[in-house]
Amino acid sequence: MLKLVDIWFRYSDSNRYLFQRLNIEFREKELTLITGPNGSGKSTLLMIAAGLLEPERGEVLFREKPLKKQLPEARRFIGILFQDPEYMLFNSTVYDEIAYVPRQLYEEKEVDKLVRDTIKILGLSEDMLKRSVYQLSYGEKKIVALGSILSYKPLILLLDEPLESLSKYYRDKILDIIERLLEENKTIIIATHDPDLFIHRFNPKIFRLEIADT
Amino acid sequence: MFLMLIRKISRTMIFMLAAREARIVRRDKKYIWRILTSAVRDMILQTNYFSRNIYNAYKSRCVREC
């Protein structure tokens, strides 16, 4: 489904390569955990897989074709949840936030249905839709940010630390949503420094990143 | 477009500010200057980091040219 082939990557302000000859394949309908210490490049790997960062060498393949050549249309199949939900919320209300991508793809009537379906999946009340995103708690923001990518039903979900800094209530809620997504045969890739929370509940493939000496 | 601009402006500003700060601190080593310039530098660096992430988050949800 999504393949990273011979990836070399370093940030423009750094001499250190974060990835050298990185090869990884994310298969359809699988849950993969990307683990590793801080600074090992978990978030960067998700950004590269989503086509948001370009590797110095190597290629990201989506359905066996270069992802780069399929952008921006291929973005409807790849949803990425950022570690900090603040970055993702730029619309004024929860409704607009969840409707942001569907509005680029469908008529307003269908958009409305998708938003209401998403709210049900998230376990939120419809009253929430009118609320300003700035008035939400951190947990609510994370759930709404997740909703903003679930609404257009991507095939691949890249989730960056989806449970970080959340209360048990919201952690359980997100784990339930992940379980449901796996039942719907979605491909899920999660970057986390705490894989145990997922290993206990699912049977994921684990990919561990280490910090290179050079 | 606005976010793209912010991203470019803030990067340029960092270089400008770093150069300015180097001159100011070398010329005047009073703590107040160091504190002031560091505060401004940190604010701009933070803005750059924030705007880069917002830009990527925005881009990740553009399924058409936007």
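The values are calculated or read from the model by the stated rules, or taken from the named source; none is laboratory data. All values derive from a computational prediction rather than experimental measurement. When we count neighbours, we look across all protein chains shown, and the Cβ atoms used for this are built from the backbone with ideal geometry, even at glycine. Note: accessible area is taken over every heavy atom of the protein model, side chains too, but ligands, DNA and RNA are not part of it. Shrake-Rupley method; radii C 1.70, N 1.55, O 1.52, S 1.80 Å.
What the table shows:
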| quantity | calculated |
| --- | --- |
| Interface area, A with B, accessible, probe 1.4 Å, both sides summed, Å² nearest 100 | 1800 Å² |
| Three-way shape call for the stretch A:74-162 based on the alpha-carbon gyration tensor, with the a/c threshold at 1.5 | oblate |
| Ranking by accessible area, most exposed first, for A:D6, A:D127 with a 1.4 Å probe | A:D127, A:D6 |
| Full-stretch length increase - A:E210, A:R131 - with 0.36 nm per residue and alpha-carbon distance subtracted | 24.3 nm |
| Coordinate range along principal axes, alpha carbons of chain A, Å, largest first | 52, 37, 34 |
| MRE, 222 nm, helices only [DSSP H, n ≥ 4, -39500 (n - 2.57), over chain A, to nearest 500] | -9000 deg cm²/dmol |
| Leading residue at positive end of dipole, the protein assembly as shown (Cβ point charges), from B:A57, A:T192, A:L175 | B:A57 |
| Segment A:K68-A:H193, length gained on full extension (0.36 nm per residue, minus Cα span) | 42.1 nm |
| Mean-position separation - Cα centroids, the stretch A:19-70 and the stretch A:137-179, in angstrom | 20 Å |
| Beta bridges per DSSP with both ends in the protein assembly as shown, % antiparallel, nearest 5 | 45 percent |
| Scattering profile of the stretch A:149-194 at q = 0.28, 0.29, 0.33 Å⁻¹ [log10 I(q)/I(0), Debye over alpha-carbon scatterers] | -1.16, -1.20, -1.29 |
| Solvent-accessible area of B:F50 with every protein chain in place, 1.4 Å probe, in Å² to the nearest 10 | 80 Å² |
| Within the accessible area of the protein assembly as shown (1.4 Å probe), percent carbon and sulfur | 52 percent |
| Entries in A:K109/A:K142; A:K3/A:K186; A:K3/A:K153; A:K3/A:K205; A:K68/A:K141 that, when Cα-Cα distance is taken, lie over 18 Å | A:K109/A:K142; A:K3/A:K153; A:K68/A:K141 |
| Computed over chain A: relative contact order in percent, which uses C-alpha pairs under 8 Å that are six or more apart | 32 percent |
| Solvent-accessible heavy-atom area per residue, rounded to whole Å², over chain A at 1.4 Å | 48 Å² |
| Threshold 30 Å² - residues in the stretch A:72-92 whose accessible area is reduced by that much or more when the chain is no longer isolated, probe 1.4 Å | A:P72, A:R75, A:F82, A:Y87, A:F90 |
